[in-house]
């Protein structure tokens, strides 16, 4: 039985649902459906949760998709939101606007001390580390800059008290090429609550991730392109 917690994802670029290919902003696909239409589809399938990313915010360093966050929260979705959270005030506002958790990546790489401040103010369950990984190294600033070794960075963050991390396999992200055992099996063995993203294309991929020890997964293009039927997933309350 699959125990993987599934989070459908909507990525926004200039407020339009968009999927990047391998993290490249110049290789993207915009979808005809509006954000509201996609959220309504999730509600129709009784999906309880949403992973919402502001790609514009991730690149410029300032989250801006407040209207999208507010709408998703108002219709009852549990929203995990990321993209451009670089200061406490913006994180705090996200919670006021209805976010259940905020994903933070770039700012943690730049200042690990800031991570301790976040934990002290908001708690472990509210802050999710976002590690976007290419060739073993974390990428920052909307995947445009090379950071430190990703596993070592997560170990340092675990030592600080973080317990949840979302890892993205950038080489597979947006490709629909499937998940890679060589990438994910090591992450399935590290300590903490590890979520997986990048390359998921089928229900079989979800089974593989669960077998490799991953706790959660984010699915974007697979459900937007109809590769994964949301009605085939057993949705448990968050």
>> Using a Förster radius of 22 Å, what is the FRET efficiency between residue 117 and residue 62 based on their Cβ-Cβ separation? Nearest 0.05, please.
In response: 0.75
> Using the eigenvalues of the Cα gyration tensor, what equivalent ellipsoid semi-axes result for the range 1-105 when each is taken as the square root of five times the eigenvalue, whole Å, largest first?
Replying inline: 20, 18, 14
> What is the list of residues in the range 168-194 whose amide nitrogen lies under 12 Å from a point 7 angstrom out from the Cα of residue 158, following Cα to Cβ?
Replying inline: 186-194
>> What does the C-alpha gyration tensor say about the overall shape of the range 173-238? Classify as rounded when a/c is under 1.5, otherwise prolate if a/b is larger than b/c, or oblate.
In response: oblate
> Computed from these coordinates, which is Cα Rg over 2.2 N^0.38 Å: [x] 1.14; [y] 1.09; [z] 0.92?
Replying inline: [z]
> Where the centre of each part is set by its Cα atoms, how far does the range 120-136 sit from the range 67-90, in angstrom?
Replying inline: 15 Å
> When you count, for each residue, the other Cβ atoms within 10 Å and take the mean per peptide, how do 119-125, 103-109 rank with the highest first?
Replying inline: 103-109, 119-125
> Between residue 124 and residue 22, what is the label-to-label distance in nm when each label sits 7 Å out along the Cα-to-Cβ direction?
Replying inline: 3.8 nm
>> If a paramagnetic tag sat 7 Å from the Cα of residue 46 along the Cα-Cβ line, which residues of the range 205-232 would have the backbone N under 18 Å from that point?
In response: 229-232
> Taking N as the number of residues in the range 75-205, what value does Rg over Cα atoms divided by 2.2 N^0.38 Å take?
Replying inline: 1.04
> Can you give me the relative contact order of the chain as a percent, contacts being Cα pairs under 8 Å and 6 or more apart?
Replying inline: 20 percent
>> Under the rule a/c < 1.5 gives rounded, and otherwise a/b versus b/c splits prolate from oblate, where does the range 134-212 land using the Cα gyration tensor?
In response: oblate
> What does the helix-only formula give at 222 nm for the chain: each DSSP H stretch with n ≥ 4 adding -39500 (n - 2.57), the total divided by the residues, and the result rounded to the nearest 500 deg cm²/dmol?
Replying inline: -9500 deg cm²/dmol
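Every read-out reported here was derived from the displayed coordinates using simple, explicitly stated rules and does not represent laboratory data. Here the structure is a predicted model, which is why all the values come from computation and not from measurement. Every residue, glycine as well, gets a Cβ built from its backbone with ideal geometry; the counts of neighbours run over all protein chains shown.
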